[in-house]
Amino acid sequence: MIELPQQLPPLQPIESDCLREHNVTLNVLRLDLMHPTLHGNKWFKLKHNLRQARDEGHHTLLSFGGAWSNHLRALAAAGNLFGFRTIGIVRGEIPQPLNPVLQFAHDQGMELVPMSRSDYRLHRNPAALAALEARYSDCYVLPEGGSNALAVRGCAELAGLLRWQTTGRPRVVGLACGTGATLAGLVWGLQQQIGRDAEPIEVVGVGVLKALGMLAEAVTRRLPAAVDIPWQILERYHGGGYARVTPELERFMTQFTARHAVPLEPVYSGKLMFGLLDQVRNGAIPVGSEVLALHSGGL
Ligand SMILES: *Cc1c(COP(=O)(O)O)cnc(C)c1O
């Protein structure tokens, strides 16, 4: 049975003059504290894939990612927890000494295999996948980022974890988007709850990479059917691209972590909080809203 004993994610309030002026309540839902090794949104993305792999009799999980991939990190942890061999195909060279993400994956037992950038670009081709499956017989292959239909299904459960402190106010859920699979799952989960929730909810994704329009397109593609839940992806806060950091984001993170007991990293949670607070400041998030920011991990 593939199940994970998890803590209920703690809720941490954020207070600032700007929030007070706009009468906005902001809480951070700490999904990153739910489990010591398999945290954030990644357990939800992986769980049905792990079950599928087990049901199909696979003993090996194989996936792809860059040298800083939280997905490979989580897959390694899952393999260790549930007794799968794991193989991580790393784009480009494997840094020596290993960076903290790859070191963790290695310590969890993942076999790290470098793949040249030119081969990596073609890794989704059926012929390339068949070659990998032949080399590592009996493997269950997950796409880069772990974003497939089973991941979306798992992330729908996030809708049941949201906690609200007020009633009668517009509700906004904010989350960082890499591939958009987590957002698609959350929106799908909220769609299933329509009628049970008294208040209307809007989902706001902060895109962490430069890919104009592509994230929204990916989310639409990943949703199993049309939805009534309003959602959008903000494309203004990627700071130049995936894992790029502007001096402004750097300053924001330094100030934020000095004032609030919520750790941020620049790739996801930093851009998320920067984007949400900017949306409050410029009035795009309506005065009087209650905002819940999902801290998806990544530290
Ligand atoms: C993977 C990851 C995301 C992005 O999830 P997607 O489903 O790809 O949008 C967000 N935050 C953190 C911390 C992650 O590790």
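Within the stretch 68-104, work out how many residues are assigned to a loop (DSSP other than H, G, I, E, B) and more than 19 Å from Thr37 (Cβ to Cβ). Within the stretch 68-104, residues that are assigned to a loop (DSSP other than H, G, I, E, B) and more than 19 Å from Thr37 (Cβ to Cβ) number 5.
This table checks each residue for (1) open to solvent by 30 Å² or more (accessible area, probe 1.4 Å); (2) within 16 Å of the ligand (Cβ to nearest atom); (3) touching a residue at least 12 places away in the same chain (Cβ under 8 Å); (4) of a type in the set (S, T, N, Q).
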position	(1), (2), (3), (4)
Cys177	no, yes, yes, no
Leu183	no, yes, yes, no
Pro224	yes, yes, yes, no
Gln232	yes, yes, yes, yes
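Results for (1) over 25 Å from Ala243 (Cβ atoms); (2) without any contact (Cβ under 8 Å) to a residue 12 or more places away in the chain, shown as yes or no for each residue.
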position: Ile94; (1), (2): no, no
position: Pro97; (1), (2): no, yes
position: Leu102; (1), (2): no, no
position: Gln108; (1), (2): no, no
position: Asp119; (1), (2): no, yes
position: Pro126; (1), (2): yes, yes
position: Tyr140; (1), (2): yes, no
position: Gly145; (1), (2): no, no
position: Ala149; (1), (2): yes, no
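Of all residues in the stretch 85-130, count the ones that are aromatic (Phe, Trp, Tyr) and either in contact with a helix residue (DSSP H, G or I) (Cβ under 7 Å, 6 or more places away or on another chain) or modelled with pLDDT under 95 (or both). It would help to see each step written out before you state the result.
Start the filter on the stretch 85-130 by keeping residues that are aromatic (Phe, Trp, Tyr), which leaves 104, 120.
Going one step further and asking which of them are either in contact with a helix residue (DSSP H, G or I) (Cβ under 7 Å, 6 or more places away or on another chain) or modelled with pLDDT under 95 (or both), we end up with 104.
The total comes to 1.
The residue that is nearest to Asn41 (Cα to Cα), among those in the stretch 64-87 that are touching a His at 6+ places or on another chain (Cβ under 9 Å) and open to solvent by less than 20 Å² (accessible area, probe 1.4 Å), is Ala74.
Quick check on my filter: what residues within the stretch 40-67 are in a loop (DSSP other than H, G, I, E, B), within 13 Å of the ligand (Cβ to nearest atom) and in contact with a Leu (Cβ under 7 Å, 6 or more places away or on another chain)? Talk me through it step by step, then tell me what you get.
In the first step, residues of the stretch 40-67 are kept if they are in a loop (DSSP other than H, G, I, E, B); the result is 40-41, 56-59, 66-67.
Okay, now just the ones that are also within 13 Å of the ligand (Cβ to nearest atom), so 40-41, 66.
Selection gives Gly40, Asn41.
Scanning the stretch 44-63 for residues that are surrounded by fewer than 24 Cβ atoms within 10 Å (Cβ to Cβ) and closer than 26 Å to Leu272 by Cα turns up just one, Lys47. If you go through the stretch 105-129 and pick out every residue that is part of a strand (DSSP E or B) and hydrophobic (A, V, I, L, M, F, W, C), you end up with 3. Among residues of the stretch 37-52 that are within 19 Å of Leu175 (Cβ to Cβ), those with a Cβ under 8 angstrom from a residue that is away from the ligand (no atom under 13 Å from the Cβ) and open to solvent by less than 10 Å² (accessible area, probe 1.4 Å), sequence gap 6+ or separate chain, pair up as Leu38/Ala78; Trp43/Ala78; Leu46/Ala78; Lys47/Ile2.
The values are calculated or read from the model by the stated rules, or taken from the named source; none is laboratory data. Here the structure is a predicted model, which is why all the values come from computation and not from measurement. No Cβ is skipped: glycine too gets one built from the backbone with ideal geometry, and neighbour counts run over all protein chains shown. Ligands, DNA and RNA are stripped out before the accessible areas are found, and what is left, the full protein with its side chains, is counted by its heavy atoms. Shrake-Rupley method; radii C 1.70, N 1.55, O 1.52, S 1.80 Å.
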